[in-house]
Amino acid sequence: MEPRPAAFPPELVAPGVPRGDGAFEAVLDVADLPAGSLRRVTRGDLDVLLAHTTAGIVAVDDRCPHMSAPLSLGSLDGCVVACPLHEGRFDLATGKPVRMPTTGGLDPDGVYHPTWSPSGGPPKTDPPGRKAEARRLTRIRRFRYYPLRISGGRIEIALPR
Ligand code: FES
């Protein structure tokens with residue numbers, strides 16, 4: 001199938017992204033992002049994840065919405081990217097978590113989820129204190145998407161100016 005941009009929730013476009021054709025910048029050859037792959041591209045201090053999902057190619061921050069780990073070091077299954085740090089899973093087609101991190105915490109709607117063990121065993125112990133409180137109050141952010149198009153075999157994205 002021809003590579004194509006993926007649709008994403010329009011309300012999740014990154015703030016500050018200009019509109020219009022002049023907003024787009026070529027960042028990678030399409031050939032360098034085969035189906036199922038993840039790549040980081042960096043512009044200034046902005047690290048962007050390019051993901052070639054089964055719904056198409058998408059661009060988001062290369063920072064896990066939990067604690068900012070580089071998702072480009074994770075893995076991709078369909079549209080779901082797996083974070084290398086705390087087992088979180090996030091759907092790049094919807095922007096929603098499909099599995100909360102092992103540390104638990106708040107989902108994007110502010111609902112609390114407890115810690116859990118990757119083996120399916122009882123939750124890890126989490127002695128009370130400031131660190132436990134920080135984990136409990138860490139909220140999964142919503143993905144922010146960068147508009148993307150494909151032109152002349154290149155992936156182009158629109159970035160905030
Ligand atoms: S940093 Fe990604 S799941 Fe925690």
Rh_Kirkwood(the range 1-53) over Cα pairs, Å, one decimal, evaluates to 13.0 Å
So what are the three principal axis dimensions of the range 56-131 from its Cα atoms, in whole Å, longest to shortest?
-> 42, 25, 18
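What 222 nm value per residue comes from the helices of the chain, counting each DSSP H run with n ≥ 4 as -39,500 (n - 2.57) and dividing by all residues, nearest 500 deg cm²/dmol?
Numbers: 1 runs with 8 residues, N = 161.
Calculated at 222 nm, the ellipticity per residue is -1500 deg cm²/dmol.
Given that compact globular proteins tend to follow 2.2 N^0.38 Å, what is the ratio of the alpha-carbon Rg of the range 27-68 to that value? Please list the in-between numbers first.
On the way: Rg = 10.6 Å, N = 42, 2.2 N^0.38 = 9.1 Å.
The range 27-68 yields a ratio of 1.16.
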Rounded to the nearest 0.05, what FRET efficiency do Arg43 and Thr125 give with R0 = 45 Å and r taken as the Cβ-Cβ distance? Could you check?
-> 0.60
Long-range HN-HN contacts of Ala69 with modeled amide H, under 5 Å | Cys64
Subtract the Cα-Cα distance of Asp107 and Ala7 from 0.36 nm times their separation in residues, and report this length gain in nm to one decimal.
-> 33.7 nm
Take the chain, compute every pairwise Cα distance, and split them into 10 Å bins from 0; I just need the percent in each bin.
-> 11, 38, 31, 14, 5, 0
Once every Cα of the range 92-147 carries one equal point scatterer and solvent is ignored, give the base-10 log of I(q)/I(0) from the Debye formula at q = 0.13, 0.19, 0.31 Å⁻¹, two decimals.
-> -0.38, -0.71, -1.25
For the range 47-99 the trypsin sites (Lys or Arg not before Pro) that pass both the DSSP coil test and the at-most-16 other-Cβ-within-10 Å test are none
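Bear in mind that the values in this text are calculations on the coordinates, not laboratory data. No experiment lies behind these values; they were computed from the predicted model shown. Note: ideal-geometry Cβ built from the backbone for every residue, glycine included; neighbour counts use all protein chains shown.
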